[in-house]
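One structure is given below, encoded as structure tokens.
Nothing in this text is a laboratory measurement; each read-out follows from the coordinates by a stated rule. Everything numeric in this text was worked out from a predicted model, so none of it was measured. We place every Cβ from the backbone using ideal geometry, glycine too, and count neighbours over all the protein chains shown.
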Amino acid sequence: MLSAPSPWHLAIISLLLFLFVGCAGTPLGIENREARLSIARLGSADGDPEGFASLRSAFRLRNPGHDVSFQRNTRALVSYSKTRAAFVQTGEARAEISGGALHRSSNLTVGDIVILRPGEGLLTDAPLSFVVFEVPDNPPRELPSYVRPDWDLSITDTPGGCAEEEGAYRRILLTWKPEVGPYIWHGLNAHRVRISDSFTHYHPVDGGFDEFYLVQMVQPGGSILTSPHVEAIESRNVARDAVPELMRLDQLAVGDLVYLPRGLIHRGIGGVLAQVITVPGFRPGAEIGVDHHLRAINEQLQLTADESIPFHQSASLEAVVK
């Protein structure tokens, strides 16, 4: 005859059950994943220091050697020992880089990037706000210090990615491949794009990249859809009562810095003009579409129009990898 389990054994069994349930998923059958959306509302009155601190912490944890800062209404970025990519978010000014072999000057406005190499700083004649990325990889020698998508004749509209419609505004500032754009840097890539209705995708944890949206204009209804539930969606193992929790919708505003870590499904909709920034650079083959899975789940569960999971129509016809 078996003896009754001791209190110690019961405690161990309870702990194991807790860990199993925590790893297996929520009561609705959708797994918990580490990848989570972060939004810092930099355009708010106080610049959202708490939201930015949370975003920065998550980014640094996932990307050792990298950092991000927000410099608001400043006329100077002091010289520093590491490479930085400074994205102009507000203002217009004449700027000069100091500390390097040459003193280079340029006009700057929203949408421009300044590449500051180790030992270089920036001075401006009027206040600007910057989102500044610290990158451990030095840029190629031939990469210019100022990248201005609306003023550089070598940067032209290139539909694709999040904006495939004919005549889309999508200008590639820093890229991985020379056939895509003139300025190559594998440490950080960026393209300025107007997103109306992108396909739903994620970047894999292994071999992918983290992505940011630095929002610079928004039409009414401009939003982002996200989901950490890659496994449930790709296996199409979603219960009907889990559908409302499958995708999250966040309205966007000018000044938002949106952090999309590897492994987080996302889709921009409604009209958003943003700098799309990838760290490290955009790796070909690391955009994994899921619209065909979303469409199949809708059909499998026979969801009505009001109940259905949103998906990109043309991207749902077959598996999409870019």
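Every pair of different Cα atoms in segment 184-322 enters the Kirkwood calculation, which places the hydrodynamic radius at 15.4 Å. Amide H contacts of Gly111 (H built 1.01 Å from N, in plane; Pro and chain starts excluded): Val88 sit under 5 Å, all sequence-distant by 5 or more or on other chains.
Could you work out how far the C-alpha centroid of segment 307-321 sits from that of segment 55-85, in angstrom? Each part reduced to its Cα centre gives a spacing of 36 Å. For the pair segment 116-142 and segment 174-235, the centres of their Cα atoms are 22 angstrom apart.
Of the peptides 183-191, 293-301, the order by per-residue mean of other Cβ atoms within 10 Å, starting with the highest, comes out as 183-191, 293-301.
Backbone phi angles across segment 52-57, fed through the Karplus curve with coefficients 6.51, -1.76 and 1.60 (θ = phi - 60°), yield HN-Hα couplings of 5, 4, 5, 4, 4, 4 Hz in residue order; Gly and Pro are listed as x. Ordered by the number of other Cβ atoms lying within 10 Å of each residue's own Cβ, fewest first, Phe209, Phe59 fall into the sequence Phe59, Phe209. Peptides 302-312, 147-157, 256-266 ranked from most to least packed by the mean count of surrounding Cβ atoms within 10 Å: 256-266, 147-157, 302-312.
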